[in-house]
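Each value in this text was obtained by applying a stated rule to the coordinates, not by laboratory testing. Note that this is a predicted model, so its numbers are computed, not measured.
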Amino acid sequence: MKKVFTILFATSIVASLIACGDSQTKDKAVAATTTTDISTDPNYQKGLDLVAKSDCLTCHKINEKSTGPAYSEVAAKYAGAADTTITRIAGKIISGGAGNWGAVPMTPHPQVSQTDAEQMMKYILLLKNS
């Protein structure tokens, strides 16, 4: 309900500014209401569900380093990554590894499918600015 109210309120402000303002004001008002809500991305919910069902959060947090790097750090490092990079990193989720983020190795997760690991990576990459 709060989100709906916020959207309606922002929309009414934009409408008022457009009706009364110049083109520069219109551009700023439209830009202010087009912020990206990552939770609307289909990859967000799918990946979040997979991560929640896994043991990933034992070693990773969204915005702070734990045993492993924060997801936001991973997302920043691989922002705009090609599909081949996502596939490669998903392979690291499955097989484990060390050296990319320090001396502590990542535990292998052989029970995770390649498809699920790629979906997890797509979710993590959405967290760049969390």
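Summary of values
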{"read-out": "Other-chain or far-sequence residues with amide H under 5 Å of Met106's (modelled H)", "value": "Gly97, Ala98"}
{"read-out": "3J(HN,Hα) from dihedral phi, the stretch 77-85, Karplus parametrisation 6.51/-1.76/1.60, rounded to Hz, x for glycine, proline", "value": "5, 10, 3, x, 4, 6, 4, 5, 6"}
{"read-out": "Amide H contacts under 5 Å for Lys65, placed H, 5+ residues apart", "value": "Ala70"}
